[in-house]
Number of protein chains: 2
Amino acid sequence: MNQLYRIRVESHAPNIQLHDMASVNAKDRFLQLFPRLCKVAMDYADELKLPQRQRDHLERSLSYNVMGGKMNRGLTVAAGLQSLRGDAVVSEEDLVLADVCGWGIEWLQAFFLVADDIMDQSVTRRGQPCWYRLEGVGNVAINDAFILEALIYRFFRVFFKDHPARLHLIDLFQDVTLKTEMGQLTDLTTQVLGQPIDWSRYTLDTYKTIVKYKTSYYSFYLPVACSMIIGGITSEEAFEVAEKICLAMGEYFQIQDDFLDCYGDPEVIGKIGTDIEDGKCCWLVVQALNRADEAGIQTIKTHYGTNNHESVEVIKKLYAELNIKKIFEDYEDACYVEINRMIDEQQVLPKAIFVDLLAKIFKRQK
Amino acid sequence: MNQLYRIRVESHAPNIQLHDMASVNAKDRFLQLFPRLCKVAMDYADELKLPQRQRDHLERSLSYNVMGGKMNRGLTVAAGLQSLRGDAVVSEEDLVLADVCGWGIEWLQAFFLVADDIMDQSVTRRGQPCWYRLEGVGNVAINDAFILEALIYRFFRVFFKDHPARLHLIDLFQDVTLKTEMGQLTDLTTQVLGQPIDWSRYTLDTYKTIVKYKTSYYSFYLPVACSMIIGGITSEEAFEVAEKICLAMGEYFQIQDDFLDCYGDPEVIGKIGTDIEDGKCCWLVVQALNRADEAGIQTIKTHYGTNNHESVEVIKKLYAELNIKKIFEDYEDACYVEINRMIDEQQVLPKAIFVDLLAKIFKRQK
Ligand SMILES: [Mg+2]
Ligand SMILES: [Mg+2]
Ligand SMILES: [Mg+2]
Ligand SMILES: [Mg+2]
Ligand SMILES: [Mg+2]
Ligand SMILES: [Mg+2]
């Protein structure tokens with residue numbers, strides 16, 4: 001069993017993008033925790049005396065679904081804790097707790113993604129077939145997703161035991177989970193499946209609601225709030241400040257994601273964007289709908305969400321006419337100024353925790 | 001909004017089976033909490049400023065999926081708390097907490113059932129179409145199931161707030177949830193979908209593992225353990241004793257369920273059993289496989305899991321030849337003696353909490 005995990009961890013190592021030695025060590029340390037968490041899961045299955053078939057299925061699900069992403073969310077917890085402590089050394093114990101939370105976020109994401117792929121009937125995820133499409137999986141993937149989520153709280157029990165912050169941590173994870181599910185609900189039901197797109201629903205308001213709940217809370221606020229909890233922060237005001245800044249960063253991050261889907265270099269981002277073909281409610285089309293004249297809106301209605309090369313080119317040409325690229329660049333600059341203003345304005349948290357996070361995403365190319 | 005809940009509650013009231021005035025009041029009190037919990041959920045959606053479409057979808061999911069069962073599990077929490085207290089009066093506050101836990105179990109079951117129906121591709125549930133089969137739902141039902149589960153912890157936060165037992169309660173619910181998911185995994189992967197039944201896997205051992213984790217923990221141990229937590233019990237030994245007795249009752253309950261599926265009166269149980277047609281790994285077929293000769297096993301292999309009337313009759317005839325009915329009745333009597341022995345043997349909990357529960361299921365006809 002450990003054999004497998006060792007191989008998985010090593011096979012991912014060459015993909016690590018290194019910036020400096022500190023982050024090498026942080027990523028190594030983070031990766032080394034993965035087999036320990038898998039062992040906690042498998043020990044639980046052993047305790048229940050699950051038959052070998054089921055243990056094999058579970059083990060396969062864990063290594064297939066949790067690993068393979070960029071792990072930015074997971075790594076942010078320990079990094080954030082270090083920012084909070086400033087020059088003071090963070091204890092080994094606290095780093096482990098931070099990484100357990102970090103993996104909890106990665107596990108939570110795996111839970112969302114396994115289920116999202118079924119709901120969207122997607123074909124591939126992270127360059128390999130979606131879990132539910134594998135032989136011997138199918139709809140069992142729904143229950144596998146449940147198990148991924150439930151294991152998070154098992155990890156907290158094992159690693160946090162009687163830690164005074166465990167309840168706060170559980171409350172945080174559960175609340176963010178519910179918010180993400182509410183965001184997913186909004187995303188899934190904004191359009192009616194199988195019916196033509198109702199363009200009146202692609203508003204900036206709806207876009208922002210979906211991004212806030214479906215992405216920003218678990219991707220930005222959750223890791224930062226975990227750092228704060230492990231760092232011993234209890235002030236409600238501090239959590240509110242962090243929430244506000246993290247949600248602003250999350251929105252900026254998703255808008256970048258939408259921009260890169262259309263304008264990014266596929267070689268660099270690692271995939272070919274298909275938001276236009278898929279008819280996604282992305283920031284670009286919302287901007288275009290707000291700025292186009294009668295004829296432009298007609299062009300969108302005719303060509304957006306159509307899976308052919310010519311239609312994609314028509315939409316890209318309309319984006320060019322409407323200066324969407326420039327509008328994004330102006331937005332990005334204004335957004336950077338605004339987030340920095342929010343960071344400077346507050347006095348309850350060290351600026352570094354936000355500044356470091358913003359530096360990682362500002363003007364990102366991938 | 002409250003209008004809807006009031007209608008739902010009233011429309012279910014005529015189905016209540018009443019034994020005495022105490023249980024009438026208990027059931028009324030329990031039902032009256034339902035609209036309050038729905039309001040907590042809808043207030044949360046309002047707080048998030050979810051668009052009206054999504055609020056409507058959520059509200060529809062709650063009233064469709066949580067209500068409509070017998071609510072035995074939910075009602076057991078307050079009943080158990082009363083048994084624990086003996087002649088002492090249980091405070092109104094504690095009854096509300098017990099009912100919140102009881103609804104938590106009903107909500108948890110709704111989460112499991114909505115997902116189970118998708119995984120089993122079922123058509124009806126509780127006499128109406130499965131949720132995922134409704135217009136405008138489909139695979140969104142997966143996320144609706146997630147939301148049903150997540151709301152449980154929202155209720156605990158609202159009603160238990162700083163109650164000293166909240167963490168214990170969360171740990172209990174999460175552990176039982178994970179066990180149920182492990183049971184579901186075992187059930188789903190014992191046979192390979194679309195392949196002929198592998199009869200060597202229909203063993204009593206596998207049957208017991210599935211029943212224990214998929215049914216007994218959440219149906220018997222969970223309500224009793226909730227009563228104990230609200231009753232202020234902290235002794236680990238007491239929880240272990242309760243677990244052992246509740247698991248024995250859960251196994252007995254499921255074996256009854258399997259028996260009634262074949263031998264019960266459809267008028268009384270409210271549905272026509274289809275375990276034989278469905279090829280279910282039920283207690284009867286496991287017993288038959290263990291007792292049949294070469295020819296009998298061949299009969300099972302040919303006719304079990306086949307959706308035609310003649311095959312069902314062939315299997316029922318084999319059951320009759322093997323005296324399966326008598327074997328069940330002997331099992332039932334022995335089981336009753338054994339569970340009572342377990343109840344008498346222990347000194348840590350009032351016998352009433354188990355005796356009352358056992359009385360509700362012993363020799364049940366539905
Ligand atoms: Mg998707
Ligand atoms: Mg999706
Ligand atoms: Mg994208
Ligand atoms: Mg089913
Ligand atoms: Mg099932
Ligand atoms: Mg049955």
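The figures follow:
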item	result
Hits in segment B:307-366 - residues which are at positive phi and among the basic types (Lys, Arg)	B:Lys363
Residues that are small (Gly, Ala, Ser) and either part of a helix (DSSP H, G or I) or within 9 Å of chain B (Cβ to nearest Cβ) (or both), drawn from segment A:143-181	A:Ala145, A:Ala150
Selection within segment B:182-197 - buried (at least 19 other Cβ atoms within 10 Å of the Cβ) and either of a type in the set (A, V, I, L, M) or more than 7 Å from chain A (Cβ to nearest Cβ) (or both)	B:Met182, B:Gly183, B:Leu185, B:Asp187, B:Leu188, B:Thr190
B:Ala352 being out of contact with any helix residue (DSSP H, G or I) (no Cβ under 6 Å at 6 or more places or on another chain) and of a type in the set (A, V, I, L, M, F, W, C)	no
Selected residue (criterion: most open to solvent (accessible area, probe 1.4 Å)) from residues of segment A:1-48 that are modelled with pLDDT of 65 or more and polar (S, T, N, Q)	A:Gln32
Scan of segment A:159-177 for residues that are open to solvent by less than 50 Å² (accessible area, probe 1.4 Å) and in contact (Cβ under 8 Å) with a residue 24 or more places away in the chain, ordered by number	A:Phe159, A:Phe160, A:Ala165, A:Leu169, A:Leu172, A:Phe173, A:Val176, A:Thr177
Within segment B:233-343, helices (runs of 4 or more DSSP H) holding 2 or more residues that are open to solvent by 80 Å² or more (accessible area, probe 1.4 Å)	B:236-263, B:283-291, B:294-303, B:309-321
Condition met for B:Val66 (farther than 20 Å from B:Gln184 by Cβ, under 17 Å from the mean Cα position of the chain (by Cα), hydrophobic (A, V, I, L, M, F, W, C) and more than 16 Å from ligand 1 (Cβ to nearest atom))	no
Segment B:119-142 - residue that is among the β-branched types (Val, Ile, Thr) and assigned to a loop (DSSP other than H, G, I, E, B) and, of those, farthest from ligand 1 (Cβ to nearest atom)	B:Val123
Positions within segment B:117-151 being open to solvent by 10 Å² or more (accessible area, probe 1.4 Å) and polar (S, T, N, Q), in sequence order	B:Gln121, B:Ser122, B:Thr124, B:Gln128, B:Asn139
Near pairs, Cβ below 6 angstrom, 6+ apart or cross-chain, from segment A:107-133 (touching a residue at least 24 places away in the same chain (Cβ under 8 Å) and within 9 Å of chain B (Cβ to nearest Cβ)) to any residue that is more than 9 Å from ligand 1 (Cβ to nearest atom) and open to solvent by 10 Å² or more (accessible area, probe 1.4 Å)	A:Phe111/A:Glu149; A:Ile118/A:Tyr132; A:Met119/B:Asn139
Tally, over segment B:86-116, of residues that are open to solvent by 30 Å² or more (accessible area, probe 1.4 Å), within 16 Å of ligand 6 (Cβ to nearest atom) and among the charged types (D, E, K, R)	0
Qualifying positions in segment B:120-134 - within 13 Å of ligand 4 (Cβ to nearest atom) and not aromatic (Phe, Trp, Tyr)	B:Asp120, B:Gln121, B:Ser122, B:Val123, B:Thr124, B:Arg125, B:Arg126, B:Cys130
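The values are calculated or read from the model by the stated rules, or taken from the named source; none is laboratory data. Every value quoted in this text rests on a predicted model; they were computed, and no experiment measured them. All Cβ positions, glycine included, derive from the backbone under ideal geometry; neighbour counts span all protein chains shown. The accessibility values were calculated without ligands, DNA or RNA, using every heavy atom of the protein model including side chains. Shrake-Rupley method; radii C 1.70, N 1.55, O 1.52, S 1.80 Å.
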